[in-house]
Amino acid sequence: MEERFPMKGGGTLSVRREGVRVHMEAERPVDNRGLYKVWLRGDQGGKLLLGTLAPEGGALRLRRTLSVGTLEQAGCWPGFRAEAPLAFSFTNQPDGKWYCEQHPERLVADPVLKAQISGAMLCRREAEGFVLSAPFGTDRPVKLPSLFCLARVERREGRLHMVWYFDGEGRPALAHKEEKSGQTTASGGR
């Protein structure tokens, strides 16, 4: 027997148990605001991430099959509620906040770089320019190969990302380095 539950944040979660397996399908309307994650919150304080909703058939959907034992260990069985909060906004964010830039090629000045960028990238506005970022892995091509030597590798949400800095006019810039030595130099030297 399938049961449907409303999710906090919008949408519904359908749950169907077959023996020791629990089939779940989360669905919410597409609103183009960003990425939504689905969480289970157990009545006894447990918490379990089911995953990220993805576009499918005109809606955002996520399907998971878990064992009753896994749900019990997470403290999310038999009593739980579901949530689908906005985890990442696609809209422009204020300085210092990452957002998904749908057309990063519009931001860069160099025509060669414009041609190399395909698809959305993470972006962060800064007072003196902006920063672009893309997941990094040895199993995939680099997003901006001509700027490989200028990239910094940073860990974000457990994954490696390449990060490129640009000035206010869209030209590549060197990453900022903060001095942490605590020493100051007098003018004129020694």
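Where a number appears in this text, it was derived from the coordinates with a stated rule and is not lab data. Computed from a prediction, not measured in an experiment: that's the story for all the values here. Methodologically, a virtual Cβ is constructed for each residue, glycine included, from the backbone with ideal geometry; neighbour enumeration extends over all protein chains shown.
Report the full-extension gain for the segment Asp43 to Glu157: residue separation times 0.36 nm, less the Cα-Cα distance, to one decimal in nm. Don't jump to the answer; show the numbers that get you there.
Numbers: separation 114, 0.36 × 114 = 41.04 nm, distance 2.70 nm.
Here the answer is 38.3 nm.
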Using θ = phi - 60° and the Karplus relation 6.51 cos²θ - 1.76 cosθ + 1.60, list the HN-Hα couplings for region 58-68 in order, rounded to whole Hz, with x at every Gly or Pro.
x, 9, 9, 9, 8, 10, 9, 10, 10, 7, 4
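Applying 1/(1 + (r/R0)^6) with R0 = 45 Å to the Cβ-Cβ distance of Glu72 and Asp139, what FRET efficiency is obtained, to the nearest 0.05?
On the way: r = 35 Å, r/R0 = 0.78.
The formula returns an efficiency of 0.80 here.
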What list of ³J(HN,Hα) values in whole Hz, one per residue of region 156-170 in order, does the Karplus curve 6.51 cos²θ - 1.76 cosθ + 1.60 (θ = phi - 60°) give from phi, with Gly and Pro shown as x?
9, 6, x, 10, 7, 10, 8, 10, 10, 9, 9, 7, x, 9, x
Among (i) 66, 48, 32; (ii) 61, 43, 34; (iii) 79, 41, 32, only one was calculated for this model; which label is it, if the read-out is Cα extents along the principal axes in Å?
(iii)
Charges at C-beta only: +1 for Lys and Arg, -1 for Asp and Glu. How large is the resulting dipole of region 1-106 about its Cα centre, in Debye rounded to 20?
140
Listed residues Phe166, Gly10, Leu150: farthest to the positive end of the dipole of the chain (Cβ charges):
Gly10
In nm, spacing of pseudo-spin labels at Ala115 and Arg63 (7 Å Cα→C-beta vector):
4.2
Using unit Cβ charges (K, R positive; D, E negative) and no other charged atoms, how large, in debye to the nearest 20, is the dipole of the chain about its Cα centre?
300
Taking the beta-carbon count within 10 Å as an exposure proxy, list Arg4, Arg64 from fewest neighbours to most.
Arg4, Arg64
Roughly speaking, what is the centre-to-centre gap between region 4-29 and region 117-133 when only Cα atoms are used, to the nearest Å?
36
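Among Tyr36, Tyr99, which comes first, second and so on when ranked by fewest other beta-carbon atoms within 10 Å? Provide the component values of the computation, followed by the final result.
Working: Tyr36 23, Tyr99 18.
Listing Tyr36, Tyr99 from fewest to most nearby Cβ atoms yields Tyr99, Tyr36.
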Neighbour counts of other C-beta atoms within 10 Å: give me Met121, Met1 arranged from fewest to most.
Met1, Met121
